[in-house]
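The values are calculated or read from the model by the stated rules, or taken from the named source; none is laboratory data. Nothing here was measured: the structure is a model prediction, and the numbers come from that model. A quick note on method: Cβ atoms are made from the backbone with ideal geometry, for glycine too, and the neighbour counts reach across all protein chains shown.
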Amino acid sequence: MTWRAAVVVYALILSACSQLTSTGNPVIMSTSTLPAPGNYVRGQSDIPARKYVFLEYRDDVTFGGCDGGLLDFPGYGFDGKDLGGYSGGKSDVRMKRDLPVYGYVGVAVYQHGEGGGAYSYLVAIQSLPLSIDSPAFDNAFESLGFISDKPTLTPYSLLDDGTAILSIGDTDTRLEPGDAWKFERKQKPRADCLVENTLILTNYGLLDEEHVHVYPEYED
C-alpha cells in the first residue's frame, strides 16, 4: 500500500470514530415487508469487473443505567463515496489469496449512552454463500452476563446491479442498492440496566475500484 493510500485509509477510519449515524438515506424495511428473493443462481456473483458491492451490518447500542465499556477499534470507514480500511481484521475472516473479491461487508458496533466508541471490521466477499454473525450482542451483552440471539446474515448471490440475495436470520430476501433492513429491540439484562439495539443492514450498492481503499490481510 502506498503512503497516499495509507493516508486515505487512515482518514476514513478516523471518520468512523465519530460516525454515529448511518451514511446516506437508505430505504428502511422491517422484516414483515422484506421482498421475496426472486430468481437467482445460488452461489453466483455477477458483479462487473472493477466494481465492488458494499453492505454494512451495524448495531447502534444505547446503554441506560449501566456501562457497556469503551470501544475504540474501528477497522474501516465509509463516507458515502470512498471505502477504506483493513479486510480481515479478525483472524477468522481473513482473505484468501486465490479467490477474487466481489465486494465487502462492513460489520460495526457503535455504542451510545454510558459507554461509547466504535468497533468495526471488513469481511471480503470472495465466495458464496457467506455466513456472517450479527455485530450486535457479542461484546456488550457478554460484559453484562447476558447473551442475546444473533440474526445471522448470509449472502447467497450477487446480481450485476449490486442487488444482494441473502437471508437475515430465517428470512430469505433481496436487498437492492439503497435499501436497508432494520431491527430494534429493548432488553433489561438487569433491573437497573436498559439496553437498546438498533440493528441495520444497508446495501450501498456498487463502488468503483478507484473509491475502494482496502488493505487485504490474508490467511497464512
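Restricting attention to region 57-109, the residues that are at pLDDT 80 or above and outside any strand (DSSP E or B) total 14. Residue 160 passes every criterion in (1) surrounded by fewer than 15 Cβ atoms within 10 Å (Cβ to Cβ); (2) more than 19 Å from residue 43 (Cβ to Cβ) apart from (2). Scanning region 143-172 for residues that are modelled with pLDDT of 85 or more and closer than 30 Å to residue 187 by Cα yields 153, 154, 155, 166, 167, 168, 171, 172.
State which residue is surrounded by the most Cβ atoms within 10 Å (Cβ to Cβ) when the search covers only region 183-218 and only residues that are more than 30 Å from residue 170 (Cβ to Cβ) and of a type in the set (D, E, K, R). Spell out the reasoning first.
Here is the first cut: in region 183-218, the residues more than 30 Å from residue 170 (Cβ to Cβ) are 191-192, 208-218.
This time we only want the ones that are of a type in the set (D, E, K, R), so: 192, 208-210, 217.
Values: 192: 9, 208: 11, 209: 9, 210: 8, 217: 18.
Checked region 183-218; the qualifying residue surrounded by the most Cβ atoms within 10 Å (Cβ to Cβ) is 217.
Return the residue satisfying two criteria in turn: it lies in region 186-220 and is without any contact (Cβ under 8 Å) to a residue 24 or more places away in the chain and assigned to a strand (DSSP E or B), and of such residues it is farthest from the chain's Cα centre (by Cα). If we take residues in region 186-220 being without any contact (Cβ under 8 Å) to a residue 24 or more places away in the chain and assigned to a strand (DSSP E or B), then 188 is farthest from the chain's Cα centre (by Cα).
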